Amino acid sequence: MRFADCFDPVGRVHGLPTFPWRLAPEGLATRRQLRALGLRPGGQDIAGQVLRPRRRRGPLTAFLYRIDRAKPVRPMTEARAAALAKANAARRTCPVCRRDAGYVIPASLGMCVPCADAPHLSA
């Protein structure tokens, strides 16, 4: 895909108005850009997309939403904060030694680094 193939403001080729990476028109933003503004899409339909062509692979795609239809981010409640803290604590707790590792346990190890590095004595 070439850079010129990413420009389809009417949506004839891709079905959605499509723009090259970093060249979206004013008034449209990606989810991350909305979040930086303290907004969320709020159930609105996708208004367009930006494509970034890559060699040897398909293009990177980011969907665009209208800023004027975006809603404010919902505030964090005490219950949601408590649930998030509990979930993060579970990801930090080593299943072998049952201690809080202070970091998220790597899925590749399945346990904290000291437990993974400890020599296991076989009787």
Between the alpha carbon centres of segment 69-123 and segment 1-59 the gap in Å comes to 35 Å
Sparse-neighbourhood loop hits (trypsin sites (Lys or Arg not before Pro), segment 26-90; DSSP loop; Cβ within 10 Å at most 13 others) -> 54, 55, 56, 57
For the chain, the dipole about the Cα centre with charges only on Cβ (Lys and Arg +1, Asp and Glu -1), to the nearest 20 debye, works out at 120 debye
Stretched fully, the stretch from residue 78 through residue 14 gains (0.36 nm per residue minus C-alpha distance, one decimal, in nm) 18.7 nm
Of the accessible area of the chain, computed with a 1.4 Å probe and all protein chains kept, carbon and sulfur make up a percent value of 55 percent
Magnitude of the Cβ-charge dipole (Lys and Arg +1, Asp and Glu -1) of segment 38-92 about the Cα centre, nearest 20 debye, reported as 440 debye
Shape call for segment 56-108, from the Cα gyration tensor axes a ≥ b ≥ c (a/c under 1.5 means rounded, otherwise prolate when a/b beats b/c, else oblate), comes out oblate
Result for segment 1-74: accessible area per residue, probe 1.4 angstrom, in square angstrom, of 74 Å²
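The values are calculated or read from the model by the stated rules, or taken from the named source; none is laboratory data. None of these values were measured; they are calculated from a predicted model. Here Cβ is always computed from backbone atoms with ideal geometry, including for glycine, and neighbour counts include all displayed protein chains. Areas reflect the complete protein model, heavy atoms only, side chains present, ligands, DNA and RNA absent. Shrake-Rupley method; radii C 1.70, N 1.55, O 1.52, S 1.80 Å.
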